[in-house]
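Read the figures in this text as sums done on the coordinates, not as results from a lab. It should be emphasised that the depicted structure is a prediction, and the values quoted were computed from it without experimental measurement. Quick reminder, even Gly has a Cβ in these numbers, built from the backbone with ideal geometry, and neighbours come from all protein chains shown.
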Amino acid sequence: MTVNYDQIAVRYDAHRPSGSDLCFDRLAEALAGARRMLEIGAGTGNTTRFMSRSVDALLVAMEPSAGMAAQARAKSAGGEWVRGAAPGLPFGDASFDAVYSSYVLQHVGEPSALFEACARVLRPGGVTAHITVPPSYIANHPLNQYFPSFAAIDLSRFLPAEALSAAMEEAGFREVRWEVEREKPKVLDRAYLARVESKFLSTFDMMSPDEYETGLARFRQDVEAGGGSTEHVVIREAVLIQARHTEA
Ligand SMILES: C[S@@+](CC[C@H](N)C(=O)[O-])C[C@H]1O[C@@H](n2cnc3c(N)ncnc32)[C@H](O)[C@@H]1O
């Protein structure tokens with residue numbers, strides 16, 4: 001099942017951090033020195049806004065959903081916006097010093113075509129860097145107790161860093177490295193319930209409506225029985241994987 005980001009766009013930012021987030025500082029470091037950079041799947045512009053203020057470069061933000069891009073425009077996220085979906089990158093060869101994304105690789109499918117496209121639009125020596133979710137976070141997520149297909153859905157689309165690294169190397173990237181960042185543990189409480197009620201993860205749009213409603217009802221019941229919180233704890237994790245494009 002595909003996710004309709006035009007429908008999600010107006011609620012997307014409600015339960016997401018504004019400003020900095022996991023791996024943003026490392027991403028800005030990876031992009032330092034770039035004069036022209038491309039963001040793939042820029043969404044409502046949260047990463048765009050941070051990077052356009054952190055890195056002194058011309059930034060092109062590509063996004064397939066008009067609804068998501070409209071939210072970005074409304075908050076003046078920065079960047080020059082272009083409509084488009086990876087792995088198609090409607091730009092000339094060697095036209096960027098850096099190409100990055102955050103939480104988009106899971107929508108692009110098999111990653112070889114994407115990394116080959118990144119290599120094509122990067123000048124030799126350019127950098128590609130992507131923020132994504134490590135499989136350990138999905139496998140250990142406490143929401144697995146409420147939504148039986150949660151892990152299966154996400155483990156099939158969020159690839160481990162080792163697989164991404166192999167695809168990057170095949171596409172001609174070298175010096176591949178990755179780092180995981182973690183937030184402090186958070187209890188699954190009423191505030192977290194509100195995030196699930198707003199379907200803050202696209203995973204909820206990919207499970208059956210019946211599974212979503214049943215899991216939500218059980219989660220709500222546990223929160224109420226616990227006086228506003230449950231015994232479950234989540235430790236959010238993200239991984240930044242980056243590599244350099246070398247001359248053939
Ligand atoms: C989870 S959101 C992430 C948005 C933003 N990067 C962020 O971190 O908030 C995924 C975004 O990827 C976009 N997307 C989906 N398929 C894509 C594709 N094939 N190429 C580029 N972007 C895509 C969606 O429209 C959506 O805006």
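Does anyone have the angle between helix 112-121 and the longest principal axis of the chain? Alpha-carbon axes, 0 to 90°, nearest 10? On a 0 to 90 degree scale, this one is about 40. The ranking of K184, K199, K75 by Cβ neighbour count inside 10 Å, starting from the fewest, reads K184, K75, K199. Tell me, Kirkwood radius of the range 157-214 from alpha-carbon pair distances, in Å? Final number for the Kirkwood radius of the range 157-214 is 14.9 Å. Show log10 I(q)/I(0) for the range 1-68 at q = 0.14 Å⁻¹, two decimals, from a solvent-free Debye sum over equal Cα scatterers. Per q value, in the given order, log10 I(q)/I(0) is -0.46. Across the range 52-59, computed HN-Hα scalar couplings (Karplus, 6.51 cos²θ - 1.76 cosθ + 1.60, θ = phi - 60°) run 5, 8, 9, 10, 7, 8, 6, 10 Hz from first to last residue, x flagging Gly and Pro. Residues in the range 207-236, backbone N under 16 Å from the label point at N140 (7 Å along the Cα-to-beta-carbon vector): list them, ranges by number please. Backbone N within reach: 232-236. Note on A163 and S198: the extension gain reaches 9.4 nm, defined as 0.36 nm multiplied by sequence separation minus the Cα-Cα distance.
Dividing the convex hull volume of the alpha carbon atoms of the chain by its residue count gives 112 Å³ per residue.
Placing a label point 7 Å from the Cα of T246 along the Cα-to-Cβ direction, the residues of the range 138-181 whose backbone N falls under 18 Å from that point are 165-178. Each residue of the range 131-183 gets 77 Å³ once the volume of the Cα convex hull is shared out per residue.
With contacts taken as Cα pairs under 8 Å and at least 6 residues apart, the range 65-193 reaches a relative contact order of 23 percent. One quarter of the surface of the convex hull around the alpha-carbon atoms of the range 56-183 equals 9.3 nm², the direction-averaged projected area. Assuming R0 = 51 Å, can you tell me the calculated FRET efficiency for the pair V233 and R123, based on Cβ-Cβ distance, to the nearest 0.05? Efficiency, from the Cβ-Cβ distance: 0.70. Rounded to the nearest 500, the helix-only mean residue ellipticity at 222 nm of the chain stands at -11000 deg cm²/dmol, with each DSSP H run of n ≥ 4 adding -39,500 (n - 2.57).
Counting only DSSP beta bridges with both residues in the chain, the antiparallel share comes to about 45 percent.
The calculated FRET efficiency for the pair D56 and R174, based on their C-beta separation and a Förster distance of 30 Å, comes to about 0.70. Based on the Cβ-Cβ distance from A74 to S20, what FRET efficiency comes out when R0 is 22 Å, to the nearest 0.05? With a Förster radius of 22 Å, E is 0.60.
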